[in-house]
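*Asks:* What follows is a structure written as structure tokens; I'll ask about it next.
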Amino acid sequence: MTTALGIKLSALDTAPVWQGSTATASLRNTIRLARAVDRLGYHRFWLAEHHNMPSLSTSSPAILAGQIAGVTKHLRVGAGGVMLPNHPPLVVAEQFGTLAALHPGRVDLGLGRAPGTDALTARALRRQTGPLGGSDFPAQVAELLQYFAPPPGAGRGVPAGEPGLVSAVPAGEQTVPVWLLGSSGYSAQLAAALGLPFAYAHHFSPHGTMAALDAYRSEFRPSQYLSEPYSMVAVFGAVAEDDARGELLSAPLRMITAQSLRGQNPYFPPAEEAARFHFAPEERAVVDQMYDLQIFGGPETVRQRITELTKASGVNELMVLSVVQDHEERVRSYELLAELAGLRAPEDAVTSG
């Protein structure tokens, strides 16, 4: 449903792990959050693949998406995204084909090119010693697309040598929307060439948003998947009762980003502790360039920032990632966002966990 802001509104999660807590607790809170945003009327709920990062628990998006789909009724659920170079396309097609068979019409598959981790872990995932840059990503995407329901009259699967084809059971019976994700122009251009929907990681690379989306729209070729371009941006954000609290909720992200620049890989700190963190000048520059362009604040400030971003970018959909320590405050942030966007709860909405 298009909101009063002129776009659809969705949620992204990474199951953040906080100091003094555990990944297990974070995953359970992700399930609770999904039930809450389902009740509020959000359009999608996606999980982002990460590995060897103690502060992020979403190492298995397909498994977590299945759990979420099982306890919600309305949300489209999926990966935002599966880092395809980490996996055989056949396995990804089987996983998401299975999800679609069990939850028809509700499953999305977003594909990324990056490893979602460090080089050492990427080698452990891919079991190889060669280049890890995802140079064969277009071929992997093409293979994956063939496993899902093709145009009428075409075969299913990919060549496996005589006497037949490899089938990704039950993907060949399903239609799963495949998205390309990116934080540069590379995936935007590939999505345009293939006629696929495109999601831009504004939360990673906010200064490249407009150029990537312009490239996607200008180079888009209609396909069996889309007749016209469809784009989304993902942002960090949190809505609080006032601007001061909303800005404070960005402090853990700012601190953990600075620590990553130092080669550290910590858990998320409480907001009050993060607000006292001392940044080196070069760290402050990086952090401000990233987070000053996100959507933290009170309702009116967030409304203004969303309106500016969506009008400038021309996107169809906004996906918000809120990293807030207290579960109830995180749910409240999504509630305030739903209110300012004019979302309507489904009539048979499930009760929040």
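*Asks:* Tally Lys/Arg at +1 and Asp/Glu at -1 over every other residue whose Cβ is under 14 Å from the Cβ of F236; what's the total?
*Replies:* The answer is -1.
*Asks:* Can you give the FRET efficiency to the nearest 0.05 for N52 and D326, using r as the Cβ-Cβ distance and R₀ = 25 Å?
*Replies:* Given R0 = 25 Å and the Cβ-Cβ separation, E is 0.40.
*Asks:* Return the label of the correct value of Rg and Dmax of the Cα atoms in Å, as calculated from the structure shown, out of [x] 21.2, 68; [y] 22.3, 70; [z] 19.8, 66.
*Replies:* Among [x] 21.2, 68; [y] 22.3, 70; [z] 19.8, 66, the one derived from this structure is [z].
*Asks:* For the pair A275 and M210, how long in nm is the line joining their label points, each one 7 Å along Cα→Cβ?
*Replies:* 3.3 nm
*Asks:* Given a 1.4 angstrom probe, I'd like the percentage of the accessible area of the range 272-353 that is carbon and sulfur, rounded to a whole number.
*Replies:* Reported share for carbon and sulfur atoms: 48 percent.
*Asks:* Size of the dipole of the range 256-353 about the Cα centre, Lys and Arg at +1 and Asp and Glu at -1 on the beta carbon, nothing else charged, in debye to 20?
*Replies:* Working: 9 positive and 16 negative charges, 52 e Å.
The calculation lands at about 260 debye.
*Asks:* Compute the signed sum of charges (Lys and Arg +1, Asp and Glu -1) over the other residues within less than 12 Å, Cβ to Cβ, of M319.
*Replies:* 0
*Asks:* Once you place label points 7 Å from the Cα toward the Cβ at V169 and T257, how far apart are they in nm?
*Replies:* Reported label-point gap for V169 and T257 is 4.8 nm.
*Asks:* If you take the C-alpha gyration tensor of the range 229-337, multiply each eigenvalue by 5 and take the square root, what semi-axes do you get, largest first, in whole Å?
*Replies:* Semi-axes, largest first: 24, 17, 12 Å.
*Asks:* The range 1-57 to the range 213-291: how many Å between their Cα centroids?
*Replies:* Comparing the Cα centres of the range 1-57 and the range 213-291, I get a distance of 15 Å.
*Asks:* Here is a further query. Over the range 8-99, what percent of the accessible surface lies on carbon and sulfur atoms, probe 1.4 Å?
*Replies:* Ligands and nucleic acids excluded, carbon and sulfur reach 53 percent.
*Asks:* Calculate how steeply helix 281-291 sits against the longest principal axis of the alpha-carbon atoms of the chain, using the helix alpha-carbon long axis, and give the answer as 0 to 90 degrees to the nearest 10.
*Replies:* 60 degrees
*Asks:* Tilt of helix 251-261 relative to the longest C-alpha principal axis of the chain, in degrees (0 to 90, nearest 10)?
*Replies:* 60 degrees
*Asks:* Considering only the other residues whose Cβ falls under 14 Å of the Cβ of A285, what net charge follows from Lys and Arg at +1 and Asp and Glu at -1?
*Replies:* Working: positive: R254, R284; negative: E282, E283, D288, D292.
Around A285, the surrounding residues sum to -2.
*Asks:* What does the highest-first list of 236-247, 46-57 look like by mean Cβ count within 10 Å?
*Replies:* In decreasing order of mean packing, 236-247, 46-57 become 46-57, 236-247.
*Asks:* If I take R0 = 41 Å and measure r between the Cβ atoms of Q19 and E339 in this structure, what FRET efficiency does the formula 1/(1 + (r/R0)^6) give, to the nearest 0.05? Don't jump to the answer; show the numbers that get you there.
*Replies:* Working: r = 31 Å, r/R0 = 0.74.
FRET efficiency, Q19 to E339: 0.85.
*Asks:* Over the range 4-105, calculate the relative contact order: mean separation of alpha carbon pairs under 8 Å at least 6 apart, over the residue count, as a percent.
*Replies:* 27 percent
*Asks:* Need the full-extension length gain, N265 to V71, defined as separation in residues times 0.36 nm minus the C-alpha distance. One decimal, nm.
*Replies:* Full-extension gain reported as 66.6 nm.
*Asks:* Right, another one. Which one, P138, H203, A101, is farthest towards the positive end of the dipole of the chain when Lys and Arg carry +1 and Asp and Glu -1 on their Cβ?
*Replies:* It is A101.
*Asks:* Want the number for S184 to D292: 0.36 nm per residue separation, take away the alpha-carbon distance, what's left? Spell out each step's value before the answer.
*Replies:* On the way: separation 108, 0.36 × 108 = 38.88 nm, distance 1.92 nm.
Between S184 and D292, full extension yields an extra 37.0 nm.
*Asks:* Could you give the accessible area per residue of the chain, probe 1.4 Å, as a whole number in Å²?
*Replies:* Working: 15020 Å² over 353 residues.
Averaged over the residues of the chain, the accessible area is 43 Å².
*Asks:* While we're looking at this one, here's another question. Quick check for me: using +1 on Lys/Arg Cβ and -1 on Asp/Glu Cβ, what's the dipole size of the chain about its Cα centre, in debye to the nearest 20?
*Replies:* 520 debye
*Asks:* To the nearest 10 degrees, how steeply does helix 209-219 sit against the main Cα axis of the chain, on a 0 to 90 scale?
*Replies:* Long axis of 209-219 versus the principal axis of the chain: about 30 degrees.
The values are calculated or read from the model by the stated rules, or taken from the named source; none is laboratory data. Remember, predicted model here, so these are calculated numbers, not experimental data. All Cβ positions, glycine included, derive from the backbone under ideal geometry; neighbour counts span all protein chains shown. Just the protein is used for accessible areas: all its heavy atoms, side chains included, with ligands, DNA and RNA removed. Shrake-Rupley method; radii C 1.70, N 1.55, O 1.52, S 1.80 Å.
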